[in-house]
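A short write-up of the structure that comes next.
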Amino acid sequence: MSIEIEKMLKRHSVRGFLPTQVDRNLLERTAKTALLAPSWKNSQPVKLFVISGDTKESISQKMIEDADNGVPINPDLKMPDQHDWPDNLHIRMKKHTIERMKYAGIQRHEKEKRLEFQRKMYKFFNAPHLFIFGLDAARPWSILDLGLAIQNIMIAANMSGLGTCPLASSVYYPDRIRETLDLDKNIKLISGIAVGYPDPNDPINQYYAEKLPAEEAIAWYGG
Ligand SMILES: Cc1cc2nc3c(=O)[nH]c(=O)nc-3n(C[C@H](O)[C@H](O)[C@H](O)COP(=O)(O)O)c2cc1C
């Protein structure tokens, strides 16, 4: 593998952003990389909603209000219970949660700080832009197409000096987004990403999730 490809793919989730808006041209070029992604028989089921400014703030406020009022989350793509994951995956997830909280300066017993971190997620870590990905009249296979579109955007953003964080939490209250953007009920909102310039002084951005050694995930056959 050439150094260029490794560099291109080197990305990590950014969870602290500068308030600087991304230039409209760059934002458009980045968003359009979603259209270059492959899709099942070229079905192209992915809808992308680029949300900034007051509209983003309004979605954020509504989600925080719901969370503070104890409204249960209701994602369109149902979440498996933590304990439904097989042990080997669950262990990695637990480790990630502990590490992420450590870099956020939060200890397990600090309930109020953990709630504040959750609110930060509903503010998309203060990123100036939120990309929400939806599927229109989709089939289960379309989830793969959506993931590929998201990854295109994250890599393109990274190459332009932008940071991103995929955020399942951005669609925990999808009706709030549909109501704000006046979207059809049939558009299912699957995930979002925060987009902006990374804040180099936010300690959480020093966190790099541990990746598996190649031999644990990749097997070679036939030479
Ligand atoms: C579908 C999806 C949803 C995610 N949702 C969140 C989220 O709500 N909050 C968060 O802090 N990170 C979220 N992440 C980021 C993962 O925690 C992160 O990708 C993983 O720990 C690996 O780290 P890396 O992205 O830095 O390589 C999500 C990632 C994916 C793929």
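Name every residue in region 156-188 that is within 12 Å of the ligand (Cβ to nearest atom) and of a type outside the set (Ser, Thr, Tyr), in order of residue number.
At the first step, the residues of region 156-188 found to be within 12 Å of the ligand (Cβ to nearest atom) are 158, 163-172.
Passing the criteria: Asn158, Gly163, Cys165, Pro166, Leu167, Ala168, Val171.
Could you pull out the residue among Arg114, Arg139, Arg100, Arg92 that is more than 10 Å from the ligand (Cβ to nearest atom), farther than 16 Å from Val46 by Cβ and not aliphatic (A, V, I, L, M)?
Details: Arg139 fails: farther than 16 Å from Val46 by Cβ; Arg100 fails: more than 10 Å from the ligand (Cβ to nearest atom); Arg92 fails: more than 10 Å from the ligand (Cβ to nearest atom).
The unique qualifying residue is Arg114.
Checked against (1) within 22 Å of Ile190 (Cα to Cα); (2) under 19 Å from the mean Cα position of the chain (by Cα); (3) of a type outside the set (D, E, K, R), Tyr103 passes all but condition (1).
Filter region 68-80 for residues that are of a type outside the set (Gly, Ala, Ser), over 19 Å from the mean Cα position of the chain (by Cα) and not in a helix (DSSP H, G or I) and give the result. Answer for region 68-80, where residues must be of a type outside the set (Gly, Ala, Ser), over 19 Å from the mean Cα position of the chain (by Cα) and not in a helix (DSSP H, G or I): Asn69, Val71, Pro72. Count of region 103-113 residues, restricted to those that are assigned to a helix (DSSP H, G or I) and closer than 20 Å to Leu167 by Cβ, is 2. Checking every residue in region 131-138 against the condition of being exposed (fewer than 15 other Cβ atoms within 10 Å of the Cβ) and at negative phi gives at least one match. Give the number of residues within region 13-47 that are surrounded by fewer than 17 Cβ atoms within 10 Å (Cβ to Cβ), touching a helix residue (DSSP H, G or I) at 6+ places or on another chain (Cβ under 8 Å) and outside any helix (DSSP H, G or I). So the count comes out to 4.
Coordinate-derived values only; no laboratory data. Computed from a prediction, not measured in an experiment: that's the story for all the values here. Backbone-built Cβ (ideal geometry, glycine too); neighbour counts: all protein chains shown.
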